[in-house]
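Reading through the structure tokens given below for one structure.
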Amino acid sequence: MKENAASRVVFILLLFLNVSLLNGQSPPEKPKLVKCRSPGKETFTCWWEPGADGGLPTNYTLTYHKEGETLIHECPDYKTGGPNSCYFSKKHTSIWKMYVITVNAINQMGISSSDPLYVDVTYIVEPEPPANLTLELKHPEDRKPYLWIKWSPPTMTDVKSGWFIIQYEIRLKPEKATDWETHFTPKQTQLKIFNLYPGQKYLVQIRCKPDHGYWSEWSPESSIQIPNDFPVKDTSMWIFVAILSAVICLIMVWAVALKGYSMVTCILPPVPGPKIKGFDVHLLEAAP
């Protein structure tokens, strides 16, 4: 009787499975962990992409454990980071610890899990774009005018504590141009740009990157109009001529010194004394 009951249960389960498959229902496909990102080593967020749900309501859970530990934890916050995400607050974030993270998809037909993602918060820092980007034209006296670009470090990244060495990339171009002119500045939060085209409207953006981690998104575009009478006199040619002249003078001095002559001897050579052909100087010595 027990064998008959067990056979009936198996038969019913197989029948239910066949009916479900005929109705297009199946276990969910394996989800995929896309990335994890930290704005400043204090918190981080992970995102995943769901697979096909198998035609059934599917629930997703993110689980993790720290390397070297056996205790499994579930995501502490599914809301703050948006859909298909898990947010780790300061309470749940540890640096120099490897997190092993997995996403599980579950419906009535079964369960499937993503490939594990190994995360060290120290190396997934992607800061916010720099803040307070400002543009200003400067006209100093007796000096070439320039565009002064200033900004502030990303607000959610603690650069004052020394945790980060931030480098910045600035790009600018005339509004109708296709190619950007790029500049890199480590640590500094200002930049001077010379040789601008008068009458052009310039677009400027900036982004930043920590010593370990990823580039931020570009900041929103800022713009500035360059006046038509903006002077663009270039003194680089005169500087080159001055340097070249100095080098030539140094080479001449070096060449003269190498031959053992002084500058006076080179310019005003000594006049040789008079000589009388056939005159014997010893006769003067013998005279009384």
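Residues satisfying the criterion are absent from the stretch 54-63 (criterion: within 28 Å of R207 (Cα to Cα), open to solvent by less than 40 Å² (accessible area, probe 1.4 Å) and modelled with pLDDT under 90). Of the listed requirements (1) within 29 Å of the chain's Cα centre (by Cα); (2) assigned by the TED database to the domain that holds Q190, S85 misses just one: (2).
Could you list, in sequence order, all residues of the stretch 145-160 that are in contact with an Asp or Glu (Cβ under 9 Å, 6 or more places away or on another chain), assigned to a loop (DSSP other than H, G, I, E, B) and open to solvent by 50 Å² or more (accessible area, probe 1.4 Å)? Hits for the stretch 145-160 are T155, M156, D158. The strands (runs of 3 or more DSSP E) falling completely within the stretch 51-129 that include 2 or more residues that are farther than 30 Å from E221 by Cα and in contact with a Lys or Arg (Cβ under 9 Å, 6 or more places away or on another chain) map to 98-107, 110-113, 117-120. Filtering the stretch 164-176 to residues that are open to solvent by 50 Å² or more (accessible area, probe 1.4 Å) and farther than 21 Å from N132 by Cβ leaves E175, K176. Inside the stretch 98-133, residues that are touching an Asp or Glu at 6+ places or on another chain (Cβ under 7 Å) and more than 30 Å from W148 (Cβ to Cβ) make up a count of 4. Residue pairs whose Cβ atoms lie under 9 Å apart, sitting 6 or more positions apart in sequence or on different chains, and linking a residue in the stretch 132-157 that is of a type in the set (G, A, S) to a partner that is surrounded by 11 or more Cβ atoms within 10 Å (Cβ to Cβ), are S152/P130; S152/A131; S152/N132; S152/L133; S152/T189.
The values are calculated or read from the model by the stated rules, or taken from the named source; none is laboratory data. Treat the numbers as computed from the prediction; the structure is a model and nothing was measured. As a convention, Cβ positions derive from the backbone with ideal geometry for all residues, glycine included, and neighbour counts pool all protein chains shown. Note: accessible area is taken over every heavy atom of the protein model, side chains too, but ligands, DNA and RNA are not part of it. Shrake-Rupley method; radii C 1.70, N 1.55, O 1.52, S 1.80 Å.
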